[in-house]
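The values are calculated or read from the model by the stated rules, or taken from the named source; none is laboratory data. What you see is a predicted model, and the numbers here were worked out from it, not measured in a lab. Here the Cβ is made from the backbone with ideal geometry for all residues, glycine too, and neighbour counts use every protein chain on show.
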Amino acid sequence: MKLKHILSFLLHGKQRPVYAKITCIDSSNKLKGEKIVVTGGGRGLGASMAEKFVKEGAYVLIAGRNESVLKATADKIGCQYLTLDVSDVSAFDSFINKAEEMLGGITSLVNNAGISLHEKTFFDVTPDTFDAQVNTNMKGAFFLTQKVIKLWKEKNIKGEVLFISSETGDMMDFRPYGFTKVAVNSMVQGLAYLFAKDQIRINAVAPGVTISDMTGQRTDGNLYHKKNMLGRIYLPEEVAETACFLLSDAAGCISGQIITCNNAKSINARWK
Ligand SMILES: NC(=O)c1ccc[n+]([C@@H]2O[C@H](COP(=O)([O-])OP(=O)(O)OC[C@H]3O[C@@H](n4cnc5c(N)ncnc54)[C@H](OP(=O)(O)O)[C@@H]3O)[C@@H](O)[C@H]2O)c1
């Protein structure tokens, strides 16, 4: 038994290392020629999605606050990048103009940028933590989407918007992070209905607990995570597969849907 497994055993009792066998669908130009902006694409789920989209033939631009992180990821996966703070709505006009110029248009927007401040209790929530999460996860996504759809309507573009919600969007919470994801789910359905006749599709992926800086869990050979249904943490690549499908023409009849990637954990079951 390796040291990390012994440590894990000591921490989690009888728990044995948990591994995952996941399948990624072979690349087949499913997003050929698409011009996709991914906010928060420098790392985590956003970087994994951006990589998958590039492999599927899309032109991708990733955006975030940290230029060196963006550059490193863009160089690695072969895409473009631009700095953007999604909580600063005043920056959106110039961001969209520049992104359009760099990509030669925008056909899809992925609202992925998000923060979770993990306040320990209800009383640890402050006006500052509240505003930061609302402004990043909800207000930023709303107004960026508003700008992009306005552009599409002017140019008669039939685009797709994908929100990265969360399983918390379908559950109770006492922290603003959860509230923002409930709001995102409402937004997805409202906007999908509003723009269905313009053939603008709007969907969400709602991941369960997945490896990233946000959750602080890394792939170290043991994916044990007690609170997920399968007893393991999810991998960003699993989220990226679903995201790719939803952006592709194969999902052409799907809009207003929130695809929860947590193996039925948030089903309101009679027996638990
Ligand atoms: N990991 C999970 O278990 C999980 C589960 C459900 C939902 N999600 C959602 O998935 C999305 C991505 O999260 P993650 O897990 O990949 O977290 P992460 O590794 O912490 O990445 C967050 C990304 O968002 C960007 N970001 C944060 N604030 C920003 C701002 N104000 N402006 C622009 N970009 C900003 C970050 O880039 P910079 O710091 O460089 O700006 C980073 O690229 C979030 O919406 C999150 O709520 C994650």
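Within region 40-69, track down each residue that is within 10 Å of the ligand (Cβ to nearest atom), part of a helix (DSSP H, G or I) and more than 13 Å from E237 (Cα to Cα).
E67, S68, V69 - these are the residues of region 40-69 that are within 10 Å of the ligand (Cβ to nearest atom), part of a helix (DSSP H, G or I) and more than 13 Å from E237 (Cα to Cα).
Residue by residue, here is whether (1) among the polar types (S, T, N, Q); (2) under 30 Å from A192 (Cα atoms); (3) touching an Asp or Glu at 6+ places or on another chain (Cβ under 7 Å) holds:
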| residue | (1), (2), (3) |
| --- | --- |
| L223 | no, no, no |
| P236 | no, yes, no |
| E241 | no, yes, no |
| S248 | yes, yes, no |
| N263 | yes, yes, no |
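Check K197, K155, K226, K120 and return the single one that is closer than 21 Å to G256 by Cβ and of a type in the set (D, E, K, R).
Details: K155 fails: closer than 21 Å to G256 by Cβ; K226 fails: closer than 21 Å to G256 by Cβ; K120 fails: closer than 21 Å to G256 by Cβ.
Unique residue meeting the criteria: K197.
Condition check ((1) in a helix (DSSP H, G or I); (2) not aromatic (F, W, Y)) across all residues:
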| position | (1), (2) |
| --- | --- |
| F130 | yes, no |
| T145 | yes, yes |
| G169 | yes, yes |
| M172 | no, yes |
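Among the residues that make up region 110-128, is at least one of them farther than 16 Å from G140 by Cβ, part of a strand (DSSP E or B) and either touching a residue at least 40 places away in the same chain (Cβ under 8 Å) or away from the ligand (no atom under 13 Å from the Cβ) (or both)? First the steps, then the outcome.
Going residue by residue through region 110-128, those that are farther than 16 Å from G140 by Cβ are 118-128.
Now narrow it down to the ones that are part of a strand (DSSP E or B): none.
Within region 110-128, not a single residue is farther than 16 Å from G140 by Cβ, part of a strand (DSSP E or B) and either touching a residue at least 40 places away in the same chain (Cβ under 8 Å) or away from the ligand (no atom under 13 Å from the Cβ) (or both).
For region 259-266, check the following and say yes or no: at least one residue is more than 11 Å from the ligand (Cβ to nearest atom), basic (K, R), out of contact with any strand residue (DSSP E or B) (no Cβ under 7 Å at 6 or more places or on another chain) and touching a residue at least 60 places away in the same chain (Cβ under 8 Å).
Keep residues of region 259-266 that are more than 11 Å from the ligand (Cβ to nearest atom), which gives 259, 263-266.
Going one step further and asking which of them are basic (K, R), we end up with 265.
Restricting the remaining residues to those that are out of contact with any strand residue (DSSP E or B) (no Cβ under 7 Å at 6 or more places or on another chain) gives 265.
Within this subset, residues satisfying the condition of being touching a residue at least 60 places away in the same chain (Cβ under 8 Å) are 265.
Yes, region 259-266 has at least one match.
Which of (1) of a type outside the set (F, W, Y); (2) modelled with pLDDT under 95; (3) touching a Pro at 6+ places or on another chain (Cβ under 9 Å) does H12 not meet, given it meets every other one?
(3)
Select, from I202, I211, the only residue that is in contact (Cβ under 8 Å) with a residue 12 or more places away in the chain, under 30 Å from K155 (Cα atoms) and surrounded by 20 or more Cβ atoms within 10 Å (Cβ to Cβ). Show your work before the answer.
On the way: I211 fails: under 30 Å from K155 (Cα atoms).
One residue alone meets the criteria, I202.
Looking at region 106-128 only, could you name the residues that are out of contact with any Phe, Trp or Tyr (no Cβ under 9 Å at 6 or more places or on another chain) and of a type outside the set (A, V, I, L, M, F, W, C)?
K120, D124, T126, P127, D128, listed by residue number.
Being out of contact with any Asp or Glu (no Cβ under 9 Å at 6 or more places or on another chain), closer than 21 Å to T242 by Cα, β-branched (V, I, T) and touching a residue at least 24 places away in the same chain (Cβ under 8 Å) is the requirement here; does I77 meet it? It would help to see each step written out before you state the result.
Numbers: out of contact with any Asp or Glu (no Cβ under 9 Å at 6 or more places or on another chain): no; closer than 21 Å to T242 by Cα: yes; β-branched (V, I, T): yes; touching a residue at least 24 places away in the same chain (Cβ under 8 Å): yes.
In short, no.
Mind counting the residues in region 199-242 that are within 13 Å of the ligand (Cβ to nearest atom) and part of a helix (DSSP H, G or I)?
6
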